[in-house]
Amino acid sequence: MADNDMDLNQLFAQARQTRPELPDDLAVRILTDAEEVRLDRLKPAAPPRSIWARILDGLGGWQSMGGLVAASAAGVWIGLSAPGFLPDPATIIYPQETSFVVADLGLDTTFLEDAE
């Protein structure tokens, strides 16, 4: 076992002595890539984009915004002038058939009476 370890140590020492040479084309490619990275870092930074430009990009650009505006306009139109088979949203929110009186709340309404 000790003999095998000695041979292995000699092989490692020999490997440390002889270093493999880097091929010329690989060295050129590495240096070219390093120069491109260095030149990219020297470029000035792009100016910061406005919040509206970032929102527009987040929604998908002008084409998507056009579709969103068209769908919103259609929704508002249908909401304001509903077809006959749909209930009118204004009467749902504020029904006009019922009368509303403060006395119906069962609260003290003496402040409404004329104090003479």
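Bear in mind that the values in this text are calculations on the coordinates, not laboratory data. Just so it is clear, the model here is predicted, and its values are computed rather than measured. Cβ placement follows ideal geometry from the backbone for every residue including glycine, while neighbour counts extend to all protein chains displayed.
A search for C-beta distances below 9 Å between a residue of region 36-53 that is surrounded by 10 or more Cβ atoms within 10 Å (Cβ to Cβ) and any residue that is assigned to a helix (DSSP H, G or I) and not hydroxyl-bearing (Ser, Thr, Tyr), counting only pairs 6+ apart in sequence or on different chains, returns ARG49/ASP57. Yes or no: region 18-36 includes at least one residue that is in a loop (DSSP other than H, G, I, E, B), of a type in the set (A, V, I, L, M, F, W, C) and within 30 Å of ILE93 (Cβ to Cβ). No, region 18-36 contains no residue that is in a loop (DSSP other than H, G, I, E, B), of a type in the set (A, V, I, L, M, F, W, C) and within 30 Å of ILE93 (Cβ to Cβ).
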